Amino acid sequence: MKKVITFVIVLASVLMLVACGNQDLGWGNYTYNYAYIEISDGVYREIEIERWKDYDDGMIEIYTKDANNLLTHSHNVIMSKEKLTYLTLQD
């Protein structure tokens with residue numbers, strides 16, 4: 001009986017971790033809907049995020065809702081749950 005209870009607890013824990021946000025498995029719930037990528041000094045491009053993944057070297061891979069993949073360094077991107085109105089966007 002103890003084995004069954006242990007198995008159920010482990011299975012429930014794994015399922016809860018898989019359901020965390022739009023990032024791959026991690027230690028928190030990091031859900032972002034928009035990415036703002038800097039294309040020149042102070043000018044950004046707004047992108048809707050489907051999912052994203054960060055790497056140990058500071059790179060971020062963004063999968064967009066229009067089926068594109070973008071790879072950029074974390075210094076060049078701002079990620080947000082809601083639209084940001086104070087940035088200068090590319091027309």
Gly42 vs. criteria in contact with a helix residue (DSSP H, G or I) (Cβ under 8 Å, 6 or more places away or on another chain) and on the phi > 0 side of the Ramachandran plot: no
Elements of type strands (runs of 3 or more DSSP E) contained in region 8-73, each with 2 or more residues being modelled with pLDDT of 90 or more and among the acidic types (Asp, Glu): 43-54
Residue within region 79-89 that is part of a loop (DSSP other than H, G, I, E, B), at positive phi and not aromatic (Phe, Trp, Tyr) present: no
Single residue of region 61-86 satisfying the filter (without any contact (Cβ under 8 Å) to a residue 24 or more places away in the chain and among the small types (Gly, Ala, Ser)) that is farthest from Val43 (Cα to Cα): Ala67
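The values are calculated or read from the model by the stated rules, or taken from the named source; none is laboratory data. Since we're looking at a predicted model, the values are computed, not measured. With ideal geometry, Cβ positions are generated from the backbone for all residues, glycine too; neighbour counts draw on all protein chains shown.
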